[in-house]
1. From (1) in contact (Cβ under 8 Å) with a residue 60 or more places away in the chain; (2) part of a loop (DSSP other than H, G, I, E, B); (3) surrounded by fewer than 18 Cβ atoms within 10 Å (Cβ to Cβ), pick out the condition that doesn't hold for Val183.
2. For the stretch 288-300, check the following and say yes or no: at least one residue is within 30 Å of Ile348 (Cβ to Cβ) and without any contact (Cβ under 8 Å) to a residue 12 or more places away in the chain.
3. For the stretch 244-281, which residues satisfy the criterion of being assigned to a loop (DSSP other than H, G, I, E, B), in contact with a strand residue (DSSP E or B) (Cβ under 9 Å, 6 or more places away or on another chain), over 27 Å from Gly339 (Cβ atoms) and polar (S, T, N, Q)?
4. Name the strands (runs of 3 or more DSSP E) wholly within the stretch 290-379 that hold at least 3 residues that are farther than 23 Å from Lys276 by Cα?
5. Before we move on, is Glu295 open to solvent by 20 Å² or more (accessible area, probe 1.4 Å) and either closer than 19 Å to Leu176 by Cβ or modelled with pLDDT under 90 (or both)?
6. Which condition from (1) more than 13 Å from the ligand (Cβ to nearest atom); (2) surrounded by fewer than 16 Cβ atoms within 10 Å (Cβ to Cβ) is the one that Asn40 breaks?
7. Being touching a strand residue (DSSP E or B) at 6+ places or on another chain (Cβ under 8 Å) and away from the ligand (no atom under 13 Å from the Cβ) is true for just one of Thr127, Thr116, Thr132. Which residue is that?
8. Being out of contact with any Ser or Thr (no Cβ under 9 Å at 6 or more places or on another chain) and within 12 Å of the ligand (Cβ to nearest atom) is the filter; apply it to the stretch 60-75 and report the residue that is farthest from Val172 (Cα to Cα).
Amino acid sequence: MEELNNFKKYLDSKKRIVIKIGTQVLLNEDGKPSSSAFKNICDLSFSLIGQKKEVILVSSGAIAAGKDLLNINSELNNFSIPQKQAFAACGQAVLMRNYDSCFKRRGLKTAQILLTKEDISIRRRFTNARNTIYELLKNGVVPIINENDTVSYEEIKFSDNDHLSALVLNLVCADLLIILSNVKGVFDKNPNLYKDAKPVKIINDIKNYIKNFKETSKSLHGTGGMKSKLYASFIASSAGIDTIIMSGKDKKSLNSLIAGNLSGTLINSSINKINKKKHWLLFGMEKAGEIVADEGAIRAITYENKSLLAGGIIKIKGDFKKGDGIYIVNEDGALFSKGIANLDSGDIKKIKGLSSEEIKLKFGEDKISSLVVHKDKMVISVL
Ligand code: GLU
């Protein structure tokens, strides 16, 4: 509760902030980009920068802005992925023009960064993106990130920009995530249906909160609802980073934040924090294959903090190399853990089900290790 008692001091301690802006924040009711909405975001960023903070924006809205540019009125669900990708290609330029002209009036420069999931999951690309963003911040430029919708096909797509913003936190080593939405925060029940719905000021155990949460609203023009925002804040909290979910449409709420008051919901990260390496394994790593393990092996890795050995393996799915990311599942396909393979899939196929002694007898001393995933390179999948 310390955060709520002295929110201004709490906010003062946050120096690098990622602000995620939802599509609906940037649109008027008629679905057209709203110039006052862009101005509000720039005012907020400008004020925070004035308070000696660094600001990184993750902005949605490209698909909606592109659809509007092409004078298309029909609902977004009626369009195929290539159509939406084409809208995004048109709309991304509209977004950047709007941001750039607002920031320019405030004497600030902007830069566009478009990311795919691989830019987070492949270490080399992650480091390149990080170095670029650091360089921009050093030069006082405001980075504006979106998913690279034009090239992101199903498997490499972030589920939505809420998810993307949470993964960007680790990329930029942020201290706070602010998710700006068209709702005023989290409510104890759907505020559109229940007049007595009460705002939730603080969530201390987000993992538990998500388990009991029923969706209260679906986004009209974007892809996420409240659940996806809560899930993003869960990813953030696993990295030890707090999230504020608040209205990005209501100027009063934005001004209140600038003045150092909380309006919206604060998701406290202290309970769910895990270390950086495990966070990457859990949320950033790309899957190259699956290992189906038996009950005994799953129990040993889940409850006894043991490594995965060949003896407990039933089946391998996919071709992967030593060092690739793999999921460990049970016979029903339920995910238990994620980790880095210690052997190529071809070798694992040869030794699956065998004990260390049997492997030695069959293939010779030190030829193939029985260690398939080391416990330090594995993380239990938590949700
Ligand atoms: N990248 C999409 C866009 O700019 C947004 C996805 C989302 O709504 O989260 O339109």
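The values are calculated or read from the model by the stated rules, or taken from the named source; none is laboratory data. Model, not experiment: these values are computed from the prediction. All Cβ positions, glycine included, derive from the backbone under ideal geometry; neighbour counts span all protein chains shown. Side chains included, ligands, DNA and RNA excluded: accessible areas come from the protein's heavy atoms. Shrake-Rupley method; radii C 1.70, N 1.55, O 1.52, S 1.80 Å.
1. Against the list (1) in contact (Cβ under 8 Å) with a residue 60 or more places away in the chain; (2) part of a loop (DSSP other than H, G, I, E, B); (3) surrounded by fewer than 18 Cβ atoms within 10 Å (Cβ to Cβ), Val183 comes up short only on (3).
2. Yes, the stretch 288-300 has at least one match.
3. Ser263, Asn268
4. 313-317
5. yes
6. Answer for Asn40: the failing condition is (2).
7. Just one listed residue meets the conditions, Thr132.
8. This residue is Asp68.
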